[in-house]
Each structure stands twice: as C-alpha cells, then as structure tokens.
Amino acid sequence: MDLRFGDSQPTDDERAAVDELLGPPASSWEGAERTAENLRYSRGGHAARDRRDLLLPGLHALNDRIGWISRGALAHLCRRLTVPPAEAYGVATFYALFSVSPRPTTVLHVCTDLTCTAAGAAALCAGLESRLEGDDRVTVRRAPCLGLCERAPAALTIKAGDPARTAVSAPATVEAAVLAATAPDSAPEEPPTEAAAPQAGDRRQTGAPAPSSPPQKQTGLPAPPPLPPQKHTAVPAPPPLPPLPLLTRVGVVDPSSLDDYRAHGGYTALRRAFVLGPAAVLREIVDSGLVGHGDAAFPGGPDPRATPIGLAWRAAASRPDHPHHLVCNAGGSGPGAFTDRVLMEGDPYALVEAMTIVAYAVGAPHGYLYLRGEHPRAARRMRRAVERARARGLLGDDILGRGHSFDIEIRRGAGAYVCGEETAVLRSIEGYRPEPRPTPPFPTQKGLFGRPTVVADVETLLDVLPILTGGPAAYRSRLVSVSGSVERPGVYELPSGTTLGELLARAGVRPDLRAVLVGGAAGRFVRPDEVDVPLRSGVVIAFDGTVPLPRLLLRVAEFFRDESCGQCVPCRIGTVRQEEALRRIVDRAGPAAADDVALLGEVGRAMRDASLCGLGRNAWNAVESGVERLGVYG
C-alpha cells in the first residue's frame, strides 16, 4: 500500500461509515469545501488534530461496515482526522481483527491457543476449511485466544454490514460453526454467563437470593451444545466456601436491569463514598491493602507488584495538572484469561458503579472502558449499562445530586495482547500503535493525553465495592480463570491463601494430570506434585497426558512471536529465534535437542534482561519451566 495520500477515493459506504462516526467535516482541514475565507486564513486545524483518539473507532467503523480497510477508506479517515497515512497504516496493521487486504464480508475466527488446541482446535480448523472451501462469502482465520476458554474449542463469527453481526460458537463443532458463519442471526444463543462461574449457583457461598436470569432468545433451532460434561466428576466436590463478594450477583441479578442491580445492593457503595468524601475513600482503599491483579504467576515467592494500589491512586489524585483520567483496562487477552468477560457480562452495573467511585476519589471527570473486540456480548451489556446509568442520573452531571460529574466512554480493542500493558492501552486509546513506553514517568504522573491517569483492571475496580460497604477487612479474595483438563472450568473466587491444589480439587481436575500452567502464556508450568503452593495468579490451565508438551511450548512461542509489538530488539528478534529453535526440536529429545535447548536459554535470558516491557521479559517463562521442571526435551 502506498503510504502517501494518493488518488484513491472511498466508496459511498466507506465514506458513510466514517462520517457517521465523525459527523460532517467542520473545516477544510477535515475535507470540507474551501471557502473564500480559507484563502485568507486557516482555521480548524487544532480541532481536527485533537480528535486523533478517534482513529481506532474509525477503523472499527470501516471494518464493521465493509469487512476490511481499503486504501481509499484509510485516506478518507486520515484526512478527516489529519493523521499521516503512514501512521494510520501502522495502526491498522497492528491489530488482529483488521485487514488492509480484500477479504469476504464474513470472517470466522477460530481460536488456536493453548486451551483450544488441547480441545481439538486443529481438527476443527481442518473440518471448517474443508466444509467452507469454495464459499467466497466466508474466510476461516486461525486466531489467538478469544477468551472463551471454559467452552473450548471456540469460534467467533463477525459479518460486516450495517449493522455488523456476530455469533459465538463454543464449544464449537464444525456444524455449529458453519451455521454461525453462514447465518449468524440464526445461531443459537450463548449459554448464560453464570455457566462460566461454577460458584454462582451456590447460595451458601454467595448468600444471595434465588436467580432471575433474563429470558433467552427463541430461535426455533436446536439447543446449543452442552457445556463440558459434569457428570463424571473424578474428584469429590470440596466443602462450600464462606460468602465471597465479587461473584455475589453473577447469575443472580438480571444484567440488563438497573433496578434489579439496585435491589441487590447496587449503589450502596457509591452513596457511602459521597458521605465519606474522596480523601476518606482513598484512605479506606489504602487500609484494605488492595493490590492490582494480573495474570502473571509468582508461584515461589512474594508478588513484586504487591504494592497497595491505593497509594498510587492517592498520588494521582494529588497531582496539580488536570483533568485526571480513569481507564479500566478490560483488554487483557492472554490465553486462559476470561475473568473480565464474565464480570462484565454477569454484573455490568457493578463496574459502572466502581468506576464512578474511583473517578470520584481521584478527581477524574471522564473514564474509558477499554474492552476486547472479541467479546460482543460483554460490549453490548456494558454499553446498555452505561446508557441506562446515564439516563437515570448515575452518570453525567451532578450524580445523585452530589455535584459530582463523571461519564464513561467505551472503546473496543481489536486484538492485541500487548494492550494488557498499562502504557500500551493508553497509546491505543490515543490513536497510536499500542507500543509500551518506558516508565517513569508512570501513568499516575503522565498518562492518557499527558495527564495523570489511573489504569486498573476490572477485578481491582470491583474490589472497591465490598471495601466501602464492608470495611477495609472485607477485601480478602481473588478471582481465577480455570480451564483445560478439569470437570468444572470457569471463574472461581477464592479466599486469600488458597493453594493451587485446593483450586484444582474444587474445579474437578481429571485423572492423568501431566502439567499445570499458572499465569497463562507468560506464566510457568508446575508438575502435579508441586501444586501445594499459594495461588498468586489469575489464570490456571491444566493439561493431561493426551497433550503433546513440545507442541504446547511451540504454540506458546508462536503466540509471543505474533504478539510482540516489535519495538525493542530483544523481544522482536528473541521471540522469532525462540520459535525457530522449538520448531527444530519439536520431535526430538536428548542429545539431539541439546544445542537448541542451550540456545533457548541464551535467547530467553537476553529477552528477560533487556526487553522493554513485560511481554518480552516473560516470553521465556513457560518454555524455561517446561524444559527445567517438566523435562520436555530430556
């Protein structure tokens, strides 16, 4: 593609997609007709450049309407936003969901990451490609993790149009995925969200009243495939846990009803926050010892990130430069991580309330919710929750008559693992390639648009609610996504100090356990005899003896090679060399693999020591632990 403005023009549909988002051009800087006044002085340039952050929404608008981004469409979007075409091209080609080459209007994304690979994703892809061969309406694309790991293997259909249509097939069969791809409106409804939270239906744990699930759409088609079998439980169910705060409403409240949320205690925390005042809210959060959650694993020692997050939020609140910003990063897309999706689908108003409280505490008038483009149901429910809250005076000006103003803007990611990093997600929102930047300055000092910014994940924000309603001692749990070789995959809420072994027993780990990956692709493998350690990660994937470990390590390496942003040399080159070495020894072991195993160590240490961000520094973890702990090539 020519990286300059050329003669290519957008089609009427492409122009309409962009103009529907941005409105009619206000000045000649955005492509409006020049007037006699323009010949004497120029105006409108600052206003046009200030909208650079709409580049990603503009690319989504084109991709949703047309299915790909043509040269003429990109040029039109660049003229409207005064963005250099070369920079916009760099952004458009960064994300997995976009294409700058022509393709059919329907794309069937089939997850080939760790859990789905273990569940037969390769055979699924082969079957789909065979069935859809010659159908020029659909293309099958092997995709990184779709965040549907509890229902692996998973597939997502995105059909471009006005409006675009989506359909999820999980657990996917060839027949179900073909139906979703060829007739997404007729595809069966997804299972209810509470199916992904095994504790949700246990009133003894949540202390909640009977559920009132929303009605399911009647399609007249066969019911969706059942969830992974739960009849042949290999391990007896453990005793119930004490009441836990974060999953208390999942499967209990109607996620579409603000009234139902309030009837189950919603907005009690916000009212107390207004009584306490911003400084006292921050003091309670600091006193609770709340720390930021993440997927990475620290199985053998203290969590180095275990700094009370309230101190960082207090530092942001005290900064003199305004406006402050709040960003909820729900864009984490590591293999095995689906906690954010379950929380947003099952309890969307809780996130709206939590963001309102934190924004009140740090003095932010505006918040961004950055969520994954692969989670259409979560996006719909969060969008509805924001609109309802705004209509009822719980967002906007003068919330609850207390003089506090705050609103939330939802931004969709487009498939980039690195956006889980806090500086990368800020660059994505600003309309640049989401490449992490060195710190300091930290986002709390200089973040979004150069202003102090609090960046937090969904779980951390939701922890604020029980802290305010139950006191600082109420925060004592964390959420873990469990998938793979277990009878009851899903999101678990566990008390602090729970061991990995206790979690696996609760999830019903199957016999013939071969290895457990703690922390996702950036985490480490542990052996079955090493599970008696405190759990310090939000992602656990169990593998039995049917999964070939060398191919699993190769898939981890492919993931990091694909997801490296390419900004720093150790990560850009190291992830490629790591994959090359693993591909050479995928069917070898012992002396025949010794040279490449040694090379892997050298490359891994270089990435760990010299990479700019956590992606490169952790790209060797799983491979290293697979070699040293599991003896994969021994």
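FYI, it's all coordinate maths here, none of it is from the lab. Small disclaimer: the values here were computed from a predicted structure and weren't measured. Ideal geometry is used to build each Cβ from the backbone, glycine not excepted, and the neighbour counts take in all protein chains shown.
Structure values in brief
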{"read-out": "Cα-projected label distance for ASP609 with GLN9, points at 7 Å along beta-carbon direction, nm", "value": "5.9 nm"}
{"read-out": "Enclosed volume per residue, in Å³, of the convex hull spanned by Cα atoms of segment 534-614", "value": "131 Å³"}
{"read-out": "Those Cys residues of the chain for which no other cysteine Cβ falls under 4.7 Å", "value": "CYS78, CYS125, CYS145, CYS149, CYS328, CYS419, CYS565, CYS568, CYS571, CYS613"}
{"read-out": "Longest to shortest principal axis, alpha-carbon extents of segment 66-215, angstrom", "value": "58, 39, 29"}
{"read-out": "Computed over segment 306-378, the ratio Rg/Rh where both radii use C-alpha atoms and Rh is Kirkwood", "value": "1.02"}
{"read-out": "Translational diffusion of segment 282-429, µm² s⁻¹ [Kirkwood Rh, Cα pairs; Stokes-Einstein; 37 °C; 0.692 mPa s]", "value": "201 µm²/s"}
{"read-out": "Compactness of the chain as Cα Rg over 2.2 N^0.38 Å, two decimals", "value": "0.95"}
{"read-out": "222 nm mean residue ellipticity, helices alone, for the chain (DSSP H n ≥ 4; -39,500 (n - 2.57); rounded to 500)", "value": "-11000 deg cm²/dmol"}
{"read-out": "Cα-derived Rg to Rh of segment 154-197, Kirkwood definition", "value": "1.00"}
{"read-out": "Taking all pairs of distinct alpha-carbon atoms in segment 433-556, Kirkwood radius in angstrom", "value": "16.9 Å"}
{"read-out": "Protection-proxy order for peptides 506-514, 275-283, 412-420, each taking the mean of Cβ atoms within 10 Å per residue, highest first", "value": "412-420, 506-514, 275-283"}
{"read-out": "Relative contact order [Cα under 8 Å, 6+ residues apart], segment 509-634, whole percent", "value": "31 percent"}
{"read-out": "For the chain: relative contact order, % (alpha-carbon pairs under 8 angstrom, 6 or more apart)", "value": "13 percent"}
{"read-out": "Segment 71-119: C-alpha gyration tensor shape, a/c 1.5 cut-off, then a/b vs b/c", "value": "prolate"}
{"read-out": "Kirkwood Rh and Cα Rg combined as Rg over Rh, evaluated for segment 531-577", "value": "1.10"}
{"read-out": "Loop trypsin sites (Lys or Arg not before Pro), segment 79-179 (other Cβ atoms within 10 Å of the site Cβ: 16 or fewer; DSSP)", "value": "ARG137"}
{"read-out": "Quarter of the Cα convex hull surface for segment 429-475, i.e. its orientation-mean projected area (nm²)", "value": "4.5 nm²"}
{"read-out": "Within segment 298-402, trypsin sites (Lys or Arg not before Pro) in DSSP loop having at most 16 other beta-carbon neighbours inside 10 Å", "value": "ARG305, ARG392, ARG402"}
